[in-house]
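A.B. asks: Right, I'll just put the structure down here and ask away after.
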Amino acid sequence: MRPFPETDPGEPALGSPGRYLLWLAAAHRASAVLAVGYGVLCTLAQAFVPAAIGRGVDRGLIAGDRGALVAWCAVVLGLGVTQAVAGTLRDRCSVTNRFGASYRTMQLVTRKAARLGAELPRRVSAGTVVSVGATDITRIGAALESTARGGGAVVSIAVIAGVMLTVSWQLGLVALVGVPLSAAAIAALMRLLHARQQGLRTEQGALADLAVDIVDGLRVLRGIGGERVFADRYRERSQRVRHEGVRVAGVESSVAAGRLLLPGLLVTVIVWLGAHFVGTGRMSPGALVAFYGYAVFLAEQLRRATSMVDQLTRAFVAARMVTDLLAMEPGLGSGDREIAAEGARGPLRDPGSGLEIPPGRFVAVACARPDDMLLLADRLGRYVDSPATLGGTPLAEFPLAEVRRRILVVDHDARLFSGGLAAQLDPHGPAGGGAAVGGMNGGGADGAADRLRRALDTASAHDVVEALPEGLDQEITGGREFSGGQRQRLNLVRALLADPDTLVLVEPTSALDAHTEARVAERLGAHRHGRTTVVFTTSPILLDRADHVVLVEGGTVVAEGPHAELLADARYRAVVTREVTVA
């Protein structure tokens with residue numbers, strides 16, 4: 001079996017789901033052709049078995065010729081062996097096609113998600129992405145797998161219909177008329193099924209979106225007693241999915257009934273006419289046996305062909321979702337100007353708000369409106385188009401990858417991923433994960449161990465690691481085993497280990513108790529000494545430890561200075577101490 005490609009799969013032919021499926025087939029041209037070839041050989045070997053049996057009946061049993069009977073039995077055995085070998089090879093190639101198509105699609109979807117980066121959640125819902133990865137990719141692979149059996153079925157139907165015409169044009173004509181009519185009737189049901197499946201797919205995506213929202217906000221929902229409201233909303237949405245599923249099932253049951261009933265009627269007509277021809281001497285008993293075998297064979301191949309159409313129909317719906325995702329392009333352009341050393345040490349400025357971050361300082365920004373925090377952080381990190389500048393040069397003129405490397409934005413929704421905790425905190429650390437933590441988890445690289453230990457100390461996260469059975473070697477499942485405050489501290493550890501030129505934190509201590517927050521605030525400035533740190537917060541504890549504090553109101557800087565001096569400003573007090581001023 002050919003191994004899956006580890007190289008760049010290239011760009012797919014987008015524009016329509018059909019073109020994408022053809023591109024996948026072309027990408028697996030060798031195995032796809034072999035699979036169809038083996039499928040045709042397998043089904044033809046099966047198709048000629050009734051003919052061999054019929055000849056054995058006429059020339060061996062009825063004629064009493066033992067030699068002829070043995071010879072035709074050997075032919076039947078040879079056809080059976082051919083069918084078995086070809087079927088095995090067909091299935092091997094089909095499985096290669098299935099997982100190869102799924103693997104390539106997963107490569108492309110993952111690469112596109114990485115290219116879109118922070119734009120992805122703004123452009124497409126989490127439920128849609130989950131459905132693409134969990135359902136659509138599987139259906140595309142299954143469709144490519146079905147072409148081997150389905151292609152063999154189509155070819156064998158044509159061949160056997162020709163053989164039947166040669167032996168008895170009347171029965172052959174019945175087969176040639178009956179098979180297309182049956183296929184047309186089932187195809188009409190398939191078109192209806194396609195439309196119903198599209199509606200079901202849309203409802204499933206909406207339900208997945210709601211499920212993701214509920215899981216993400218479960219702690220908050222329990223805190224405000226909103227479980228019942230969201231449970232009712234989920235129940236209502238799931239009933240809509242169930243209703244669409246029932247509609248799809250109704251059409252699917254009609255398709256299944258048609259697959260059994262129509263070929264069965266065709267077999268009945270052929271056998272009845274064949275028996276009549278035998279009774280009138282127009283056909284030999286062996287030919288009748290062969291025609292019965294042909295009819296049963298055609299019924300089975302018709303079911304395989306319609307099953308392939310069904311799989312391709314599902315894959316067409318899935319491919320539409322995939323191509324819609326792959327067609328998305330990043331909205332942010334990337335410049336080509338190199339960031340000079342002196343420019344990197346210049347101030348980071350947002351002209352729209354008047355916010356200016358001097359290099360090498362610990363600056364806290366208090367915003368009267370919470371939405372301004374994320375907006376300004378996105379501008380400074382160039383997650384949205386903005387006139388923000390670094391050292392007087394617009395960020396838009398620099399390569400986007402270089403901006404990401406130098407300016408790291410960590411908001412309060414930052415997530416951990418599944419895997420070893422040490423690898424999540426320091427992806428570029430030494431191999432072995434927790435082995436790099438020196439005294440905590442054994443020996444390791446001293447430099448990496450010291451960096452990690454210092455970051456854990458700054459974020460006051462030692463207790464989080466020590467509470468885990470395997471410490472930093474613990475396998476985590478996306479951080480769901482941690483509380484909100486624990487996740488915040490671990491995210492801060494990860495940001496400190498990244499050690500960017502400019503670190504932008506949005507409410508990094510909002511879920512911490514006052515004592516832990518005080519320890520983090522006291523150590524953060526010293527840890528980042530000499531590098532630029534921007535913290536968007538309204539916490540008096542963090543604001544008091546900052547070198548410089550900026551007040552933003554209405555999206556504009558209205559005051560700045562030390563925390564102690566700004567407390568004299570009523571606007572600042574209203575934001576920081578929640579003091580209500582009376583006009």
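The values are calculated or read from the model by the stated rules, or taken from the named source; none is laboratory data. Given the structure is predicted, the values throughout are model-derived calculations rather than measurements. With ideal geometry, Cβ positions are generated from the backbone for all residues, glycine too; neighbour counts draw on all protein chains shown. Accessible surface areas use protein heavy atoms only, side chains included; no ligands, DNA or RNA. Shrake-Rupley method; radii C 1.70, N 1.55, O 1.52, S 1.80 Å.
A.B. asks: For a quick check: with amide H placed at 1.01 Å from N, whose amide H comes under 5 Å from residue 536's, ignoring anything fewer than 5 positions away on the same chain?
C.D. replies: Excluding prolines and chain starts, which carry no amide H, the hits are 365, 505, 506, 507.
A.B. asks: Give the calculated FRET efficiency between residue 271 and residue 529 to the nearest 0.05, with a Förster radius of 56 Å applied to their Cβ-Cβ distance.
C.D. replies: It comes to 0.05.
A.B. asks: Explain nothing, just the number: relative contact order of region 236-387, from Cα pairs under 8 Å at least 6 residues apart, as a whole percent.
C.D. replies: Relative CO of region 236-387 lands at 15 percent.
A.B. asks: Solvent-accessible area of residue 124, probe 1.4 Å, all protein chains present, reported in Å² to the nearest ten, please.
C.D. replies: 20 Å²
A.B. asks: Could you rank 72, 169 by how accessible they are, 1.4 Å probe, largest area first?
C.D. replies: Accessible-area ranking of 72, 169, largest first: 169, 72.
A.B. asks: For 513, 411, what's the largest-to-smallest order of accessible area, 1.4 Å probe?
C.D. replies: 513, 411
A.B. asks: Still on this structure, please answer the following. Would you mind computing, in nm to one decimal, how far apart the modelled labels at residue 454 and residue 405 are, each placed 7 Å from Cα along Cα→Cβ?
C.D. replies: Result for the modelled spin labels: 2.2 nm.
A.B. asks: Probe radius 1.4 Å, ligands and nucleic acids ignored: give me the carbon and sulfur share of the accessible area of the chain as a rounded percent.
C.D. replies: So the carbon and sulfur contribution to the accessible surface is 59 percent.
A.B. asks: Separate question: How high is the relative contact order of the chain, in percent, with contacts defined as C-alpha pairs under 8 Å that are six or more residues apart?
C.D. replies: 14 percent
A.B. asks: Could you give the length gained by full extension between residue 548 and residue 122, i.e. 0.36 nm per residue of separation minus their alpha carbon distance, to one decimal place?
C.D. replies: Extra length available between residue 548 and residue 122 comes to 150.1 nm.
A.B. asks: Report the accessible area of residue 361, computed with a 1.4 Å probe over the heavy atoms of all protein chains in place, in Å² rounded to the nearest 10.
C.D. replies: Accessible area of residue 361: about 90 Å².
A.B. asks: Starting from the eigenvalues of the Cα gyration tensor, five times each then square-rooted, give me the equivalent ellipsoid semi-axes of region 33-72, largest first, whole Å.
C.D. replies: Listed largest to smallest, the semi-axes of region 33-72 are 30, 8, 4 Å.
A.B. asks: Follow-up. What is the Cα convex hull volume of region 278-418 when expressed per residue in Å³?
C.D. replies: 234 Å³
A.B. asks: How large is the accessible surface per residue of region 45-119, computed with a 1.4 Å probe and reported in Å² as a whole number?
C.D. replies: 50 Å²
A.B. asks: While we're here: Let me know the whole percent of all Cα-Cα pairs from the chain that are separated by more than 39 Å.
C.D. replies: Here the long-distance tail beyond 39 Å is 50 percent of all Cα pairs in the chain.
A.B. asks: So, one more: Report for the chain the percent antiparallel among DSSP-assigned beta bridges with both residues inside it, nearest 5.
C.D. replies: The answer is about 45 percent antiparallel.
A.B. asks: With the other protein chains left in place, how much accessible area per residue, in square angstrom, belongs to region 264-320 at a 1.4 angstrom probe?
C.D. replies: Accessible surface, normalised per residue, equals 42 Å².
A.B. asks: In the full protein assembly as shown, how much of residue 65 is accessible to a 1.4 Å probe, in Å² to the nearest 10?
C.D. replies: 70 Å²
A.B. asks: Run the quick spin-label model on residue 345 and residue 232: label points 7 Å from Cα toward the beta carbon, then report their separation in nm to one decimal.
C.D. replies: Going by the 7 Å Cα→Cβ label model, 6.3 nm.
A.B. asks: What helices does the chain have that are whole DSSP H segments, at least 27 Å long along their own axis by Cα, and with mean Kyte-Doolittle hydropathy of 1.0 or more?
C.D. replies: For the chain, where a helix must reach 27 Å along its axis and average at least 1.0, the hits are 29-56, 137-167.
A.B. asks: Considering only protein heavy atoms, with the full assembly of protein chains and a 1.4 angstrom probe, order 181, 355 by accessible area, largest first.
C.D. replies: Ranking 181, 355 by accessible area, largest first, yields 181, 355.
A.B. asks: Using a 1.4 angstrom probe, figure out how much accessible area region 447-581 has per residue, in square angstrom, rounded to the nearest whole.
C.D. replies: On a per-residue basis, region 447-581 sits at 43 Å².
A.B. asks: If you don't mind, another one. Measure off 7 Å from each Cα along the Cα-to-Cβ vector at residue 188 and residue 418, then give the distance between these two points in nanometres to one decimal.
C.D. replies: Placing both labels 7 Å beyond Cα along the Cβ direction yields 4.6 nm.
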